[in-house]
Every structure is written in structure tokens, then in C-alpha cells.
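Enquirer: Here it is, the structure, as C-alpha cells.
None of the figures in this text is laboratory data; all of them are computed from the coordinates on show. It should be emphasised that the depicted structure is a prediction, and the values quoted were computed from it without experimental measurement. Don't worry about glycine lacking a Cβ; one is built from the backbone with ideal geometry, like all the others, and counts go over all protein chains shown.
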Amino acid sequence: MTAVPPIEVPCPQCAVPADPESLRCPSCREDLAALVRLRYAGRIDYNEALAHVGAGEDAAALVLLRRAVAQEPGLRPAQDLLAEVSARTGTSGT
């Protein structure tokens, strides 16, 4: 599986990257969680899809994986898992 780069969301006020643990700006302490959610929605959906695959819920995983790839087309782990689950279920990956 391919590694995913770390979270990098700059504060719109300070241009300082969000703290990866608190999702706050280290400079002004602004809560950047909503911006992180918007930027990384594809990765969040991918992680939720992993849980569905683990639970044997391929249909739910496919919905999340398709959405993840649409939101972040370069997210290789999501593309790979989408291809794997699609092949297993005999459905289209798109």
C-alpha cells in the first residue's frame, strides 16, 4: 500500500500550517478542523471504506471509495482498493 502524505492545511489568517494533532493554528489558535475536513474528505472516506471492507460491507465501501477517488483523484490507496473491491464484487470501479 502507498503511504499518504501528512496533513498540510495552512491557516487562512496566518498562513501557518495546522497542528496535525489539534487541527488548530499554532500561531492564532484558530480551529481549522472544518478546512481539514474539506481538504482531506477523500482520505476520510477512504478510511471509512477500509472499516466497511473489514466488516464485509463491500457495497458501502464502494460508495465511499468512489467518492474518495472523485474528491482526490491522486489518492492511490483509494484507487487500488476500489479496483480490488470492484473486481471482487463484479462491479464497475467508476
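Enquirer: Scan around residue 11 for amide H atoms under 5 Å from its own, H built in the peptide plane at 1.01 Å from N, and keep only partners 5 or more places away or cross-chain.
Expert: Under 5 Å from the amide H of residue 11 lie the amide H atoms of 16, 18, each far enough along the sequence or on another chain.
Enquirer: Output ³J(HN,Hα) for the range 44-59: one whole-Hz value per residue in order, computed from phi by the Karplus curve 6.51 cos²θ - 1.76 cosθ + 1.60 with θ = phi - 60°, and x for Gly and Pro.
Expert: 5, 4, 4, 5, 5, 5, 4, 5, 5, 4, x, 8, x, 9, 5, 4
Enquirer: Figure the gain on full extension for residue 57 and residue 80 (residue separation times 0.36 nm, minus the Cα-Cα span) and round it to one decimal in nm.
Expert: Details: separation 23, 0.36 × 23 = 8.28 nm, distance 1.71 nm.
In short, 6.6 nm is gained.
Enquirer: Let me ask another. What nm value, rounded to one decimal, do you get for the distance between residue 37 and residue 88 when each label is placed 7 Å out toward the C-beta?
Expert: 2.9 nm
Enquirer: Can you tell me the relative contact order of the chain? Whole percent, Cα pairs under 8 Å, sequence separation 6 or more.
Expert: Working: 105 pairs, mean separation 18.4, N = 94.
Here the relative contact order equals 20 percent.
Enquirer: Right, something else. Kindly provide the helix-only [θ] at 222 nm of the chain, computed as the sum of -39,500 (n - 2.57) over DSSP H runs of four or more divided by all residues, to the nearest 500 deg cm²/dmol? Show your work: numbers first, answer last.
Expert: Details: 4 runs with 49 residues, N = 94.
It comes out at -16500 deg cm²/dmol, rounded to the nearest 500.
Enquirer: Let me ask you something else. Using the basic label-point model (7 angstrom from Cα toward the beta carbon), what is the residue 50 to residue 24 distance in nanometres?
Expert: Placing both labels 7 Å beyond Cα along the Cβ direction yields 2.7 nm.
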